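A short worksheet on the structure shown next.
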Amino acid sequence: MAVLENARRGTVALGRRALGLDVPAADHTIAVLHRDESEVPGLDRKELAQLDRIRLMGATGTILMAISALGIGAQPVHQNPTSGVRVLGIFARAHTGSLAMCMIGTVVVVLAWLLLGRFAVGGLGGSPIHRITRSQLDRTLLLWVIPLSVAPPLFSNDVYSYLAQSEIAARGSDPYVEGPVAGLGIDNVLTNNVPTIWRDTPAPYGPLFLWIGRGIAELTGENIIAGVWVHRILALGGVALIVWALPRLSVRCGVAPVSALWLGAANPLVLFHLVGGVHNDALMLGLMLAGMEFCLRAIEDARSFDARAYAWLIGGAVVITLSSSIKFSSVIALGFVGMALARRWGGSLRSIALAAAVFGAIALTTMLLISTLSGLGFGWIHTVNTASVVRSWMSLPTALGIVTGFGGVLLGLGDHTTALLSITRPIAIAVAGFFTVRMLVAAGTGRLHPVGSLGVALGAIVLLAPVVQPWYLLWAIVPLAAWATRPVFRLPAVAFSAIVSVIQMPRGADLEVFQIVGAAIVTGIVCVLFIVITRHALPWRAQAGVSASSQTPTSYGVTS
């Protein structure tokens, strides 16, 4: 039997080498961020009861946030449906109370997510003893998403910029040349809802998004509430694509689907900013991941490149290009599936050039069609960096330039912040480019899976970009959730997600410092009391029992 088993393994290995899918174990384990996860049993009766409480806890938190959004959410200046309503309007008159409610809800959701992680990825030491099923996680995520999907926008006013820029396109003007003031007028109802900093700036988004937005504008006109609703449906569609693609990619990487979904889809940043904030990053990420899955079906799964395989490959490249026509940064995914394809074709320089030509032709053709058929042209090329006018504290080069400039002021040397930013930002972009090239090489040589190398590259791009918004972290966290399983990644990713989710303030009211401090104190007291009261009902402490390492390991999928 042992001889037959060894012969079978040798035959499989030879077959995978013939297909270009075999990766030596030493090459795979060079990635300190990844290890294959093993299957473990489902939850026992006690844990199922705890899961129900965690679900209720998270749902309560999102409901509190949805209610508080009536007071401190990013509600429209005009056409506010709660204005003048006795019961609903009280929240807008009690900013401190609404803020406290929102902060309590935010912390409760984050705590519920962390507790859910015990049944998805385990504690700080590794895999859980028992793991929730995919259906259990899906139902939990749906329960948490519903309250935020019907609430007013939270944490961001960007959706009102979407509406204004789309209306400019609907009127036949060029949103890549004219901002809301020039395109719609200073007194227009849509312009008045756009943050002041963006009223004179053109649209920084791709032609597909504004093409869709133009259709929304033609459908809803100047009805702000209807426009926000349709844009939220787009965001929810993007989240649905993430939920569809992420577990499939994780199986390719030997990672438990529920682990990937917990970190990548149930993440508070997704709930608060992609769903609650109605950001188009949801659609960008969903299309990018779906496109990668389609391409990898042809590259990794097909025994030969027949018509079906080419259909998956072309379709995946088109979908990734569609993603980049929402926000251009996702176009980088084409490079990584291209390197995977080149490796499948032999890994030579000729195969790399051929793969680049194939994907380049598909991307160029797709983008030409979108830009031409939409009538929006190629003005988006000149507005991609519009957001760089913002000085973001989360951006490493921007923070370095600001801190250094402030130090010069303290030393009496003058404020040279702008000059320093002109130095730190280009250097950071060059470093990010170096990391990206290095990850492309790692994907092409098989040292890293394309999904993992893409996530690492996007992580470098996000952290070293001139502007970093909280939800930009998801560009790296979501793909890495399908591949990176080591604590050296998961711990910082979880910590960043939790901390950034908690410290981000709502955008719907001008808050004073004393209001923020008072709401924070109340939130701290309430949450501490909640933990004390539920210390025996919820798994606040590490699980006790048999170590997960004693379970029979069964790898998820085949890592390539």
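The values are calculated or read from the model by the stated rules, or taken from the named source; none is laboratory data. Treat the numbers as computed from the prediction; the structure is a model and nothing was measured. Reconstructed Cβ throughout: ideal geometry from the backbone, glycine too, with neighbour counts over all protein chains shown. Heavy atoms of the whole protein, side chains included, go into the accessibility calculation; ligands, DNA and RNA do not. Shrake-Rupley method; radii C 1.70, N 1.55, O 1.52, S 1.80 Å.
For region 297-324, a residue qualifies if it is open to solvent by less than 10 Å² (accessible area, probe 1.4 Å) and either within 30 Å of His231 (Cβ to Cβ) or at pLDDT 95 or above (or both), and the qualifying residues are Gly316, Ala317, Ile320, Thr321, Ser323, Ser324. Gly122 passes every criterion in (1) over 21 Å from the mean Cα position of the chain (by Cα); (2) within 30 Å of Val251 (Cβ to Cβ); (3) touching a residue at least 40 places away in the same chain (Cβ under 8 Å); (4) in a helix (DSSP H, G or I) apart from (4).
Filtering region 473-486 to residues that are surrounded by 24 or more Cβ atoms within 10 Å (Cβ to Cβ) and assigned to a helix (DSSP H, G or I) leaves Leu474, Trp475, Ile477, Val478, Pro479, Leu480, Ala481.
Please verify whether Leu184 is at pLDDT below 90 and crowded, with 22+ Cβ neighbours inside 10 Å, treating the condition exactly as stated. Spelling it out, Leu184 is indeed at pLDDT below 90 and crowded, with 22+ Cβ neighbours inside 10 Å.
Restricting attention to region 321-355, report how many residues are assigned to a helix (DSSP H, G or I) and free of Cβ contacts under 8 Å to residues at least 24 places away in the same chain. Residues in region 321-355 being assigned to a helix (DSSP H, G or I) and free of Cβ contacts under 8 Å to residues at least 24 places away in the same chain: 7 in total. Checked against (1) under 21 Å from Ala442 (Cβ atoms); (2) touching a Gly at 6+ places or on another chain (Cβ under 9 Å); (3) not hydroxyl-bearing (Ser, Thr, Tyr), Val319 passes all but condition (1). Pairing each residue of region 183-199 that is closer than 17 Å to Pro153 by Cβ with any residue that is of a type in the set (Asp, Glu) and in a helix (DSSP H, G or I), provided the two are 6+ apart or on different chains, yields C-beta distances under 6 Å for Leu190/Glu167.
Taking the listed residues Val150, Val107, Val85, the one that is surrounded by fewer than 23 Cβ atoms within 10 Å (Cβ to Cβ), closer than 27 Å to Asn192 by Cα and modelled with pLDDT of 85 or more is Val150, with no other qualifying. Counting only residues that are farther than 30 Å from Pro76 by Cβ and open to solvent by less than 40 Å² (accessible area, probe 1.4 Å), region 496-513 holds 1 of them. Tallying residues that are open to solvent by 20 Å² or more (accessible area, probe 1.4 Å) and in contact with a Phe, Trp or Tyr (Cβ under 9 Å, 6 or more places away or on another chain) within region 440-462 yields 4.
Let's see how each residue does on (1) aliphatic (A, V, I, L, M); (2) within 22 Å of Gly264 (Cβ to Cβ); (3) open to solvent by less than 40 Å² (accessible area, probe 1.4 Å):
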{"position": "Pro466", "(1), (2), (3)": "no, no, yes"}
{"position": "Trp471", "(1), (2), (3)": "no, yes, yes"}
{"position": "Ala493", "(1), (2), (3)": "yes, yes, yes"}
{"position": "Cys527", "(1), (2), (3)": "no, no, yes"}
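You will find that of Arg118, Arg139, the residue that is more than 30 Å from Asn223 (Cα to Cα), basic (Lys, Arg), modelled with pLDDT of 90 or more and open to solvent by 10 Å² or more (accessible area, probe 1.4 Å) is Arg139 and no other.
The conditions of being closer than 28 Å to Leu473 by Cα, part of a helix (DSSP H, G or I) and touching a residue at least 24 places away in the same chain (Cβ under 8 Å) are met by Ala317. Residues in region 419-432 that are open to solvent by less than 30 Å² (accessible area, probe 1.4 Å) and modelled with pLDDT of 85 or more: Ala428, Ala432. Of all residues being in a helix (DSSP H, G or I), closer than 20 Å to Gly213 by Cβ and modelled with pLDDT under 90 in region 356-389, which is nearest to the chain's Cα centre (by Cα)? Just the residue, please. Going through the qualifying residues, I end up with Ala387.
Checked against the criterion of being part of a helix (DSSP H, G or I) and at pLDDT below 90, the candidates Ala457, Ala465, Ala520, Ala509 yield just one match: Ala520.
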